[in-house]
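This report concerns only the one structure given below.
The values are calculated or read from the model by the stated rules, or taken from the named source; none is laboratory data. Note that this is a predicted model, so its numbers are computed, not measured. Cβ atoms come from the backbone with ideal geometry, glycine included; neighbour counts cover every protein chain shown. In case anyone asks, the SASA skips ligands and DNA or RNA and just uses the protein heavy atoms, side chains included. Shrake-Rupley method; radii C 1.70, N 1.55, O 1.52, S 1.80 Å.
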Amino acid sequence: MSGPGAAIVGAATAAFQSPDQKKEEFRRYLERSGVIDALTKVLVGLYEEPEKPANALDFIKMTLGAPTGVDVDALKDENSQLRSKTNELETQLAEAKQKLEESGLITKED
């Protein structure tokens, strides 16, 4: 079966799955997507670390490539300020080009 009917049947089947079936499906999803392997490698790395880090969670984040010690709100504010400044500079550039065109120093093709 395909199309909308299949989606409805699939949703109904999912609604009647036992908790164990849902857990097993989620485990297979994690395995297929490589999450289990990645976490296993990180945990083995932590286990094999001669000097255990003071903050195991930071070690895991760092090993997985997540930035640590980053103030996301500050970065969002800076991004907003930079976008505003970019818009301001683009407006100034357009005005300067228009003045140069009006004065005949450049043509629209320049």
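Observations on the structure shown:
- Residue satisfying all of: in the range 39-49; part of a helix (DSSP H, G or I) and open to solvent by 40 Å² or more (accessible area, probe 1.4 Å); nearest to Ala66 (Cα to Cα) among these: Leu39
- Residues of the range 56-87 classified as more than 30 Å from Lys41 (Cα to Cα), surrounded by 10 or more Cβ atoms within 10 Å (Cβ to Cβ) and not hydroxyl-bearing (Ser, Thr, Tyr), total: 10
- Residue match in the range 61-71 (condition: basic (Lys, Arg) and modelled with pLDDT of 95 or more): no
- Meets criteria (touching a Ser or Thr at 6+ places or on another chain (Cβ under 7 Å), acidic (Asp, Glu) and modelled with pLDDT under 90) for Asp58: yes
Every residue, every condition in (1) within 30 Å of Glu25 (Cα to Cα); (2) not in a loop (DSSP other than H, G, I, E, B), yes or no:
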residue: Glu51; (1), (2): no, no
residue: Met62; (1), (2): yes, yes
residue: Gly69; (1), (2): no, no
residue: Ala74; (1), (2): no, yes
residue: Ser80; (1), (2): no, yes
residue: Arg83; (1), (2): no, yes
residue: Glu101; (1), (2): no, yes
